[in-house]
Amino acid sequence: MTEYELTRRDALKALGAAGITVAGGVTALSWSDRSTDAENEFGDHERRTVYAVAATVYPSELAGIEDFVDAYVAGRLNADSTRAAAMADAVAALDEYASEWEGDEFVALDPATQDETLGAMGVRIATPDPDGDPRQRVRYYLVNDLLFALYSSPTGGRLVGIENPQGHPGGTRSYRRPPE
């Protein structure tokens with residue numbers, strides 16, 4: 001296990017920071033718990049695309065990205081079934097742009113081209129807006145949501161030097177150490 005290993009427990013804490021409670025804890029964060037309507041809107045292709053976006057925007061020091069993203073997104077979609085259609089629409093917008101400019105869906109591109117595609121689409125400078133143009137929706141539903149999940153988790157917070165990210169109490173260990 002690396003120093004920055006994301007876990008399903010991190011996903012649970014990130015969901016808590018987003019105000020989402022998960023009945024059943026970590027074991028409830030699975031795709032099998034989702035309704036068939038939500039599965040039809042947000043299927044395997046969308047999941048793989050979200051993994052690819054996470055691998056592009058997350059720091060390379062992280063391990064366990066797929067399990068973390070899987071648990072976090074499953075929790076988000078279980079809590080808000082209408083979000084599945086909006087996220088699927090953002091994935092479709094990203095795929096349309098990638099197909100137009102790179103000749104293939106986003107997930108099929110190599111990692112360097114995926115990074116270039118997000119930049120060329122203007123996602124990095126776009127104002128996140130759930131009802132905005134395609135780049136704003138990609139920024140809102142994919143990039144910002146994934147970054148929020150990462151940096152509100154204990155592991156993501158530790159990665160950037162925030163010992164107790166908002167929504168994470170940190171435990172008694174953090175109160176026993178003298179300041180640096």
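The values are calculated or read from the model by the stated rules, or taken from the named source; none is laboratory data. Here the structure is a predicted model, which means the values were calculated and not measured. FYI the Cβ positions are ideal-geometry reconstructions off the backbone, even for glycines, and counts take in every protein chain you see.
Taking residue 54 as the residue in question, decide whether it is buried (at least 18 other Cβ atoms within 10 Å of the Cβ) and closer than 26 Å to residue 155 by Cβ. Yes: the conditions hold for residue 54.
Taken over the range 1-32, the criterion of being surrounded by 15 or more Cβ atoms within 10 Å (Cβ to Cβ), at pLDDT below 75 and not in a helix (DSSP H, G or I) is satisfied by 22, 29, 30. The residue that is nearest to the chain's Cα centre (by Cα), among those in the range 88-116 that are surrounded by fewer than 19 Cβ atoms within 10 Å (Cβ to Cβ) and among the hydroxyl-bearing types (Ser, Thr, Tyr), is 113. Under the condition of being part of a loop (DSSP other than H, G, I, E, B), farther than 14 Å from residue 72 by Cα and either out of contact with any Ser or Thr (no Cβ under 7 Å at 6 or more places or on another chain) or modelled with pLDDT of 75 or more (or both), the residues counted in the range 148-167 number 3.
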